[in-house]
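Notes follow the structure.
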Amino acid sequence: MSDYRQAIAECLDEARRQSGYGDFALECCEEAVRLADRHRDLDLGFEARLELIELSCFSGRPKDMLTAFAWCLAQVDQHPARFDEAHILWTYKWAIEEAVAFHEIEREQIEEMIQDLSRRFEQVGAGSRSEYHLRCKVATVLGDREAAEHFERLWQRAPHDWLSDCPACDADTHAHVLFWLERNAEAYRAAAPIFHGTLRCAEVPHRTHARVLLPLFMEGRFKEALQHHRLGYPLLQNGRKLSARLADHLLFLTLTSNYDQALALVSKHLPNARNFGSPYEGFIFEYATVFLLDELIQGGEKQVRLCLPESLFGQAENDVRDVKNLCESLRKRCRSVASHFAMRNSNESPTSWMTSIDRLHREVIQMPISKSSDCGSGDS
């Protein structure tokens, strides 16, 4: 084995040895890709990028994932006898889920990707269940209720196949779509196997605990919501992904007037929402932060202590920030992002969502939650 091939193998082995999806593992994969490209080794470039796709997807770097996936897909099409298409079919679903969360990617492009995925799935003998599942997810981001209802019916009738999502992800997504369609009773039933512990995977029940927080709160089921907060937040807090689900916990803490824990959550996760993940996920978290800051302003607060990086949020002496200035800065940013998504979606769904969050101010209650050393975790 030549020196560069040995170096690539060592990089990939080191990445696989790392626990979780941290920066070092990503750096190892990226170095493997650079070495393969420098030596024009397509086979090792393909292998290294397959690792990079998974790592970047689960570590909150969707742009890196989309770039690596596009390269692999192009190689499969250019060299069908050399690269097995089966290696990228599963990750094609991830690519589309991430693509729709970037307002720069037009609806027509997303539809072309889904049609291409459908064609490839059909060629390998897979059914339509994964396509319908994916179309439901896409419809919620596009704000397309009619499409979500239509494909939810088709999805639930379609048989499982070898490219279907795992049962835990399937149930979690179904609950998500049903909550989005305001069919809450059905959504709770879809999520029940997850909460009973019979379904679990890398991101479930992490996401599912968060999804039920606002519906339960709005139904006055405060103790149940608190239990899901206590169980769910620790599963999310060490990651740089799923900012929208962290936003659910932030909204819950604000709605129950637990402002200290909410501010601690913002300090910990707002930089990641800005730095990692997609514009859509970041937008959701940042507007949940606006909701918190608005509540503080209404309560007469003028300054808050928030540990935020100067490079992203400006300089602050001893981390003390003017609440109104920070709130308006984030609100302006969110309105800009929402306008881009509205233009791409051809509807006002992002702005409507912001309006629905604003209406929650009248729902705020006093429900003290005992503090802990880490916001919202464990005994919070």
For this session: Please indicate, with yes or no, whether at least one residue in the range 197-206 is in contact with a helix residue (DSSP H, G or I) (Cβ under 8 Å, 6 or more places away or on another chain), on the phi > 0 side of the Ramachandran plot and at pLDDT below 95.
Result: no
Problem set entry | Candidates Ala74, Ala36 - the one that is open to solvent by 20 Å² or more (accessible area, probe 1.4 Å) and among the small types (Gly, Ala, Ser) | Ala74
Exercise. Taking Phe102 and the conditions (1) more than 17 Å from the chain's Cα centre (by Cα); (2) part of a loop (DSSP other than H, G, I, E, B), which numbered condition does it fall short on, given that it satisfies the others?
Worked result: (1)
For this session: Output the number of residues of the range 162-189 satisfying the condition of being in contact with a helix residue (DSSP H, G or I) (Cβ under 8 Å, 6 or more places away or on another chain) and within 23 Å of Ser243 (Cβ to Cβ).
Result: 15
Exercise. Restricting attention to the range 105-137, and to residues there that are out of contact with any Phe, Trp or Tyr (no Cβ under 9 Å at 6 or more places or on another chain) and touching a residue at least 40 places away in the same chain (Cβ under 8 Å), which single residue is nearest to His174 (Cα to Cα)?
Worked result: Lys137
Exercise. Quick one: would you say Ala210 is surrounded by 22 or more Cβ atoms within 10 Å (Cβ to Cβ) and either modelled with pLDDT of 95 or more or on the phi > 0 side of the Ramachandran plot (or both)?
Worked result: yes
Problem set entry | Residues that are open to solvent by 20 Å² or more (accessible area, probe 1.4 Å), over 21 Å from Arg16 (Cα atoms) and at pLDDT 95 or above, drawn from the range 82-98 | Arg82, Glu97, Glu98
For this session: Mind listing whichever residues of the range 151-161 are assigned to a helix (DSSP H, G or I) and either touching a residue at least 12 places away in the same chain (Cβ under 8 Å) or touching a helix residue (DSSP H, G or I) at 6+ places or on another chain (Cβ under 6 Å) (or both)?
Result: Phe151, Glu152, Leu154, Trp155, Gln156
Problem set entry | Selected residue (criterion: least open to solvent (accessible area, probe 1.4 Å)) from residues of the range 330-356 that are of a type in the set (S, T, N, Q) and in contact (Cβ under 8 Å) with a residue 12 or more places away in the chain | Asn345
Exercise. Limited to the range 112-150, what total is found for residues that are open to solvent by 40 Å² or more (accessible area, probe 1.4 Å), part of a helix (DSSP H, G or I) and more than 24 Å from Asp64 (Cβ to Cβ)?
Worked result: 9
For this session: Starting from residues that are surrounded by fewer than 24 Cβ atoms within 10 Å (Cβ to Cβ) and acidic (Asp, Glu), keep the ones in the range 219-263 and report whichever is farthest from Met367 (Cα to Cα).
Result: Glu219
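The values are calculated or read from the model by the stated rules, or taken from the named source; none is laboratory data. Every value quoted in this text rests on a predicted model; they were computed, and no experiment measured them. Every residue, glycine among them, receives a Cβ derived from its backbone with ideal geometry; neighbour counts consider all protein chains shown. Heavy atoms of the whole protein, side chains included, go into the accessibility calculation; ligands, DNA and RNA do not. Shrake-Rupley method; radii C 1.70, N 1.55, O 1.52, S 1.80 Å.
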